[in-house]
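Taking it in order: structure first as structure tokens, then the write-up.
Readers should treat all values here as calculations from the given coordinates under stated rules, not as data from a laboratory. Since this is a predicted model, take the numbers as computed values, not measurements. Quick reminder, even Gly has a Cβ in these numbers, built from the backbone with ideal geometry, and neighbours come from all protein chains shown.
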Amino acid sequence: MLRPTREDFERWSGTGLVFFGTYLHPNSRLYKYIWQIWTPDSPLEGAEFFEHGPRYCTAQFHEMEKRFFDVGASGFIYNRKLPRLGLDKPFDLTHPRWANREWAPAWEDDPDPECNGHK
């Protein structure tokens with residue numbers, strides 16, 4: 001994976017948007033995806049970008065992605081999946097695997113708009 005830095009962008013030397021992340025789980029009610037788009041004009045790089053850079057829900061990401069494609073922008077797309085809270089979820093919140101994990105709200109409680117079955 002290339003890092004969101006100007007150095008890695010120059011090393012890549014491609015055009016368009018390249019994706020580094022995880023594919024969407026078929027059961028959209030188990031996970032929420034957080035998207036980030038880095039371009040060479042971003043004021044943040046590396047870990048600082050991942051921590052403080054703009055984050056988008058799936059619907060927002062698809063809008064941003066279209067805008068980037070329309071203007072021919074180049075950069076890196078990253079996503080990560082957050083397990084969702086909710087009574088019907090298979091996650092054992094007491095298991096060490098889930099310690100210190102960031103959780104997404106239950107599907108029903110998520111205020112983000114739906115896009116292709118995901119929020």
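Observations on the model:
- Looking across the stretch 73-84, the residues that are farther than 26 Å from LEU30 by Cβ and either in contact with a Gly (Cβ under 8 Å, 6 or more places away or on another chain) or aliphatic (A, V, I, L, M) (or both) come down to ALA73, SER74.
- Candidate set: the stretch 28-59, residues that are among the aliphatic types (A, V, I, L, M) and farther than 24 Å from CYS115 by Cα; chosen: the one farthest from the chain's Cα centre (by Cα): LEU44
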